1. Local charge sum around MET45 (other residues, Cβ-Cβ under 15 Å, Lys/Arg +1, Asp/Glu -1)?
2. Suppose every K and R has +1 on its Cβ and every D and E has -1 on its Cβ; what is the size of the dipole of the chain about the Cα centre, in Debye to the nearest 20?
3. Let's test the formula: R0 of 25 Å, r as the Cβ-Cβ distance of ASP28 and ASP63. What FRET efficiency results, to the nearest 0.05?
4. Between LEU17, LEU56, LEU26, which gets the highest mean-square fluctuation from a Gaussian network model of the chain, Cα cutoff 10 Å?
5. Per-residue HN-Hα couplings for the range 37-42, Karplus 6.51 cos²θ - 1.76 cosθ + 1.60 at θ = phi - 60°, whole Hz, x for Gly and Pro?
6. With every protein chain left in place, what is the accessible area per residue of the chain in square angstrom, probe 1.4 Å?
7. Work out the charge dipole of the range 23-77 with +1 on the Cβ of Lys and Arg and -1 on the Cβ of Asp and Glu about the Cα centre, then indicate which of THR32, ILE50, VAL66 is farthest towards its positive end.
8. For the chain, what ratio Rg/Rh do Cα atoms give with a Kirkwood hydrodynamic radius?
Amino acid sequence: MARCGSVNLLLDTHVVLWQLGGTRELSDDALTAISAADRLYVSTMSFAEIGVKVALGKLSVPDEIVDATIAAGVRLL
């Protein structure tokens, strides 16, 4: 199947946490979609959501999660 135009993909908070944190494997379909995308995005609200979970003690993430996300080629919205 031929692609028309570029493919942009907005990543869910869970995908960012699982992919960057290595805490859970993504499905083959998800990995294929991510690798095929021309541009990957994540909403800044995902980091707000992560911050709330960290503040409540329900989640632990590296301090540099935003920098790691950007370094992985994901753009912030």
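The values are calculated or read from the model by the stated rules, or taken from the named source; none is laboratory data. Source: prediction; values computed, not measured. Every residue, glycine as well, gets a Cβ built from its backbone with ideal geometry; the counts of neighbours run over all protein chains shown. Please note that ligands, DNA and RNA were not included when accessible areas were found on the heavy atoms of the full protein model with its side chains. Shrake-Rupley method; radii C 1.70, N 1.55, O 1.52, S 1.80 Å.
1. Charge balance near MET45 sits at 0.
2. 140 debye
3. 0.20
4. Judging by the Gaussian network model, the answer is LEU56.
5. So the J values, rounded to whole Hz, are 5, 6, 9, 10, 10, 9.
6. 71 Å²
7. ILE50
8. In the chain, Rg relative to Rh is 1.01.
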